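A.B. asks: Here it is, the structure, as structure tokens.
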Amino acid sequence: MKSITDYSIVVSVVKLAHKYQVEHLLRRSLPAFTALYPASLKNWDIRNGRRQYKPLTAVYGKALPIFVVRLARATGIDVLLPTALYECCSLSVNEILRGVPMADGTMLCLDVRDQAMVLQARETLSQRARTKTFSFVYSEDTLKIIATERKGFNLLPSQARRECWEKVHQWLQ
């Protein structure tokens, strides 16, 4: 499969290999997708530089993670699901619920179970990002940095700034 660059052929091979239970073809086709939706964080971080990513993105565009989720569900290749579903979290709520148009004009949609999973994951990610952001913004270290004197930028004297931030910090606790 390494010499095939037309991903519609790879997708067809994966579907047929799954349908007719030809395990060796399925295993040989899998690297085309695990390069994009890997099981490790290290491979996730380097995936954008891989050549395989660009032709699939050109064909599917923003619908690529939805396509991979649907492919994984149809073929039982569950190793693709965590990162593909994670990437679906970056889609807008409308795209998650209504689908994403492909180049040919058709809409590619997640099923209801995956929509619910992605929306719950978005909420969890949002809550964690909020907690992390607020813990940084209102930490003692941030308070010390803000209270230091910077000429020309701060309207309040440093002691007044510190008192304001301490009130906000105490209120948030």
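A.B. asks: Evaluate the following for residue 72: is it at pLDDT 80 or above, open to solvent by less than 20 Å² (accessible area, probe 1.4 Å), over 28 Å from residue 122 (Cβ atoms) and in a helix (DSSP H, G or I)? Steps first, answer last, please.
C.D. replies: Working: at pLDDT 80 or above: yes; open to solvent by less than 20 Å² (accessible area, probe 1.4 Å): yes; over 28 Å from residue 122 (Cβ atoms): no; in a helix (DSSP H, G or I): yes.
In short, no.
A.B. asks: Six or more apart or on different chains, Cβ under 6 Å: which pairs go from a residue in the range 103-131 that's over 13 Å from residue 88 (Cα atoms) to one that's surrounded by 12 or more Cβ atoms within 10 Å (Cβ to Cβ)? Could you list them?
C.D. replies: 107/99; 107/101
A.B. asks: Return the total of residues in the range 9-40 being farther than 16 Å from residue 81 by Cα and in a loop (DSSP other than H, G, I, E, B).
C.D. replies: 3
A.B. asks: What number of residues within the range 81-104 satisfy the criterion of being over 19 Å from residue 120 (Cβ atoms) and of a type in the set (A, V, I, L, M, F, W, C)?
C.D. replies: Adding up the residues that qualify gives 3.
A.B. asks: Can you find a residue in the range 49-56 that is surrounded by fewer than 18 Cβ atoms within 10 Å (Cβ to Cβ) and modelled with pLDDT of 75 or more? Walk me through it before giving the result.
C.D. replies: Here is the first cut: in the range 49-56, the ones surrounded by fewer than 18 Cβ atoms within 10 Å (Cβ to Cβ) are 49-51, 53-55.
Of the ones still in play, those that are also modelled with pLDDT of 75 or more are none.
No; the residues of the range 49-56 include none that is surrounded by fewer than 18 Cβ atoms within 10 Å (Cβ to Cβ) and modelled with pLDDT of 75 or more.
A.B. asks: Residues that are at pLDDT 95 or above and surrounded by fewer than 14 Cβ atoms within 10 Å (Cβ to Cβ): list the helices (runs of 4 or more DSSP H) wholly contained in the range 75-157 that include at least 1 such residues.
C.D. replies: Details: elements: 81-88, 93-98, 112-137, 140-147.
Qualifying helices (runs of 4 or more DSSP H): 93-98, 112-137.
The values are calculated or read from the model by the stated rules, or taken from the named source; none is laboratory data. All of these numbers come straight from a predicted model, not from anything done at the bench. Neighbour counts run over all protein chains shown; Cβ positions are idealised from the backbone, glycine included. Accessible surface areas use protein heavy atoms only, side chains included; no ligands, DNA or RNA. Shrake-Rupley method; radii C 1.70, N 1.55, O 1.52, S 1.80 Å.
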